[in-house]
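Reviewing the structure listed below.
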Amino acid sequence: MRYHQSMKSKVKYVLIAVGLAVLVMLLSDFNARIAELNRLRREHEQVATQLAGMQGTQAALQTQIVYATSDAAVLENAYEENRMVRPGDVLVVPLGGVTATPTPVLPVSPQAAEEHAPWEYWFALFFEETP
């Protein structure tokens, strides 16, 4: 009978050990899933930020497309770049080939520089006289 009780207690301990092992495995799997969820949330935030930026770019490009296909853009291009005129307008094109007469440069004649002593320059500096 004692053998039977000790066998029951051993089976009980084995079942508890197996239960704890399964519990540890489940907790580690749960921890891995939570880590994956956090990574996916961060990635989702980054992608959402990129998406918002790209949607803003798309809106700006669509606005440029609408303007480029409008009559105002066609008229601006015709007047500014292609130099087209409407009936009644006068086209004025400045000529860039005419050059102005250059101003003559008079040659400087080298004069004999008078040599002065350094004290004469100092004297002239303080008493406002030319050496």
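Condition check: in a helix (DSSP H, G or I) and either of a type in the set (Ser, Thr, Tyr) or more than 22 Å from the chain's Cα centre (by Cα) (or both). Does Ala52 satisfy that? Walk me through how you get there before you give the answer.
Working: in a helix (DSSP H, G or I): yes; either of a type in the set (Ser, Thr, Tyr) or more than 22 Å from the chain's Cα centre (by Cα) (or both): no.
It is false that Ala52 is in a helix (DSSP H, G or I) and either of a type in the set (Ser, Thr, Tyr) or more than 22 Å from the chain's Cα centre (by Cα) (or both).
On the stretch given as the range 58-90, residues that are within 31 Å of the chain's Cα centre (by Cα), loosely packed, with under 11 Cβ neighbours inside 10 Å and not in a helix (DSSP H, G or I) total 2.
Computed from the coordinates by the stated procedures, all read-outs in this text should not be read as laboratory data. None of these values were measured; they are calculated from a predicted model. Note that we place each Cβ from the backbone using ideal geometry, even for glycine, and neighbour counts take in every protein chain shown.
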